[in-house]
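The values are calculated or read from the model by the stated rules, or taken from the named source; none is laboratory data. Every value quoted in this text rests on a predicted model; they were computed, and no experiment measured them. Neighbour counts run over all protein chains shown; Cβ positions are idealised from the backbone, glycine included.
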Amino acid sequence: MWTLEGVHMLGFFIKSERAKTFRKFTAELLAEIKRGNAKVVSQKDVDAITRGYKSQIVQKNNKIALLEAELAKLKNQLPAPATDLDELHVKILEANRMILEGTRHQLNAALESIITVRKRRDKT
């Protein structure tokens with residue numbers, strides 16, 4: 001059975017760049033373990049942690065599916081698209097403009113009548 005230090009020492013007998021990188025990595029890892037900042041875990045622990053994460057992912061995916069279904073349902077309840085509303089507003093504005101144009105012509109005619117009456121009155 002190999003110890004952590006033994007594996008690290010074995011790396012000194014190999015002179016490749018990969019071995020050099022491995023030695024540096026193991027030296028840093030051993031230092032972190034000795035400081036208590038890292039720990040060695042068994043494959044059983046890794047598997048348990050992985051199962052926990054997978055379970056969380058399944059739960060989140062189920063929640064996403066529910067939210068997507070709710071969003072689709074709400075989208076179906078929305079009013080007509082904004083382009084239809086915009087077209088309706090344009091038609092209303094055009095109708096109002098036409099009414100105002102007609103009113104403007106009527107006002108101009110009324111003003112001309114008033115001016116004509118005043119001019120006649122001023123002459124007399």
Does Val46 fit the bill of being under 24 Å from the mean Cα position of the chain (by Cα) and assigned to a helix (DSSP H, G or I)?
no
So, first residue closer than 17 Å to Glu5 by Cβ in the range 32-46, second residue of a type in the set (Asp, Glu) and modelled with pLDDT of 85 or more, Cβ within less than 6 Å, six or more apart or across chains; the pairs are Ala38/Glu32
- Message: Take Val41 and tell me if it is at pLDDT 80 or above, out of contact with any helix residue (DSSP H, G or I) (no Cβ under 7 Å at 6 or more places or on another chain) and part of a loop (DSSP other than H, G, I, E, B).
- Response: yes
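Does Ser55 count as surrounded by 10 or more Cβ atoms within 10 Å (Cβ to Cβ) and hydroxyl-bearing (Ser, Thr, Tyr)? Can you show your working first?
On the way: surrounded by 10 or more Cβ atoms within 10 Å (Cβ to Cβ): yes; hydroxyl-bearing (Ser, Thr, Tyr): yes.
Against the criterion (surrounded by 10 or more Cβ atoms within 10 Å (Cβ to Cβ) and hydroxyl-bearing (Ser, Thr, Tyr)), Ser55 qualifies.
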